[in-house]
Structure formats: structure tokens, C-alpha cells
1. If packing is taken as the average number of other Cβ atoms within 10 Å across a peptide's residues, how do 63-70, 147-154 rank, most packed first?
2. Using helices alone, what [θ] at 222 nm do you get for the chain, with -39,500 (n - 2.57) per DSSP H run of 4 or more residues, divided over all residues and rounded to the nearest 500?
3. For the stretch 9-78, what's the relative contact order in percent, using C-alpha pairs closer than 8 Å and at least 6 residues apart?
4. Relative to the longest principal axis of the chain, what angle (0 to 90°, nearest 10) does the C-alpha long axis of helix 117-128 take?
5. Percent relative contact order of the chain, based on C-alpha pairs within less than 8 angstrom and at least six residues apart?
6. Counting only DSSP beta bridges with both residues in the chain, what percent are antiparallel, rounded to the nearest 5?
7. Once you have a ≥ b ≥ c as the square roots of the Cα gyration tensor eigenvalues for the stretch 95-159, tell me rounded if a/c is under 1.5, and otherwise prolate or oblate according to whether a/b is larger than b/c.
8. Under 16 Å from the 7 Å Cα→Cβ point of residue 163, by amide nitrogen: which residues of the stretch 127-145?
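We did not get these values from a lab; they are worked out from the coordinates using the rules stated. Worth saying up front: this structure is predicted, and the values here are computed from it rather than measured. Reconstructed Cβ throughout: ideal geometry from the backbone, glycine too, with neighbour counts over all protein chains shown.
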């Protein structure tokens, strides 16, 4: 199914939730409001025409000037290949973008919709500070539990040391300037 057709189905089902549709280019996507993101995710997975059964990635983008984060969900609909090996092939792919307020970043978790979201949401939480409401185990996954802040925010101030370990920004630099 062409990206235009997929996006048309989404817009028809959720006309008040779709902000923008971009069917062309290398990354066709829909931008949706965060309020009903979980309902939209269930629809994308369960609708017989779509069947987006694989969440490949969740990416967070910091738009510091606009005071928002954009969460990008890359989705695939797969079918078993007609080969003895049973290799799965991608039938459709689309991205959904959800924008959340940078000062109070909350969005519904979709870990119950696509289990892969569990790890991806924890990563976005750890590095950007986006809270995924309803997540089964929302805690840091890459940084130490006592790490302060979220290191992929554009305004993050990197510490000069952590538990006595010096942090340098360049090889062999003895007086890092941040």
C-alpha cells in the first residue's frame, strides 16, 4: 500500500488528531496530537488494512527553539515471505510523529501495543526526559541511576566530573571548556 493510502486511512479515522501528513520523500509520516496517541497506535496495529505489527524505533528530537520534543515512531507492517525459510518481509512502512511540550514532556506509552517500545521509550526518557505515562518500567537504561539531567537535550550542561571521574570533551584535554 502506498504511503498516501496509509496516511489517508489514518486521517479518515482520526481527523481531529492529525496535524500534518507528509506522504512524499524518504520518510513519509503523519504528525499527530499526543492526546490520543495510544488509541492511534492500537488502530495502526489492529486495523486489517494496516497491521503495523513492528515498531522498529522510537527517536526523540529536541527542538529547543520551539520548546517541543518530536517523538518519531518508525513502523512496519510485515508479511511472511513465500520462502521455505519463513523470512519476514516489510509490506508497508510509515512514521508517526508526536510533538510534546518540552517543559512538561508527557505522552502515553505504547509498550503494551508494541513490546519493543519498552526499551526505546526508556532510552528517550533517559536521554531527553520524556515521560511515557503508563510505561511498565520507566527508569534509566543508559545513564547511571544517579545521573543528573538528560544528556541529549540541547541545553544540557555536561558535568566536569562524575563521582570523581574527570569528564573531558576532547582527547588529552586537561582543562575542558564547556
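1. In descending order of packing, they fall as 147-154, 63-70.
2. Rounded to the nearest 500, the figure is -5500 deg cm²/dmol.
3. Contact order relative to length: 21 percent.
4. Around 40 degrees separate the two axes.
5. 16
6. 80
7. Judged from the Cα gyration tensor, the stretch 95-159 comes out oblate (a/c at least 1.5, b/c at or above a/b).
8. In the stretch 127-145, the label zone of residue 163 (backbone N under 16 Å from the point 7 Å along Cα→Cβ) covers 140-145.
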